[in-house]
1. Could you grab me the full set of residues in the stretch 44-63 that are in a strand (DSSP E or B) and of a type in the set (A, V, I, L, M)?
2. Is one or more of the residues making up the stretch 24-35 closer than 14 Å to residue 105 by Cα, in a loop (DSSP other than H, G, I, E, B) and modelled with pLDDT of 80 or more?
3. Return the residue satisfying two criteria in turn: it lies in the stretch 64-103 and is of a type in the set (Val, Ile, Thr), assigned to a strand (DSSP E or B) and over 18 Å from residue 29 (Cα atoms), and of such residues it is farthest from the chain's Cα centre (by Cα).
4. Residue under question is residue 59, and the condition is that it be under 16 Å from residue 37 (Cβ atoms) and within 14 Å of the chain's Cα centre (by Cα); does it hold?
Amino acid sequence: MKSKFGMLFATVLLSVSVIGLTHGMAYAQTDEILKANIPFSFNAGKQVMPAGTYTIGIDVQNNMLTIADAEGRNLGLMVGSISGYGSEKDVLIFDHTADDQYYLKGLQSDLVDLNLPVNETRTNESADAAGPEQVQVAMGQ
């Protein structure tokens, strides 16, 4: 009897969770979709992404950026803070460290400029006194 009740409870809990997640996603709106050919592997938050062509979705209302490769296998979702509006060019901004690591740091577009959190698990070598070099990758439609 306990196992039937447990299974029923787990099913109901899972159903409510799925409904809640899909309901929240229904309100998320992608305001702009851009493409970028990123010629190096990079860190997007805690996820390592290989070099390749990516689709970048921007949700201005939620300060959110989604990133997906052409095959849909590497997906990322990052929430940032708005640093401005209406840049003249659409670019992704990366920190390039002394140990040849790239960290996605921000985005500038004609809609919004976002600062993104950078995972602070860099090595001592990458935390050099000069600081990381800033690299920009252009985006297009």
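The values are calculated or read from the model by the stated rules, or taken from the named source; none is laboratory data. Everything quoted here is computed from the prediction, not taken from an experiment. Neighbour counts are summed over all protein chains in view; Cβ atoms, including those assigned to glycine, are modelled from backbone coordinates with ideal geometry.
1. 44, 48, 49, 56, 58
2. Scanning the stretch 24-35 turns up no residue that is closer than 14 Å to residue 105 by Cα, in a loop (DSSP other than H, G, I, E, B) and modelled with pLDDT of 80 or more.
3. 91
4. Answer is no for this residue.
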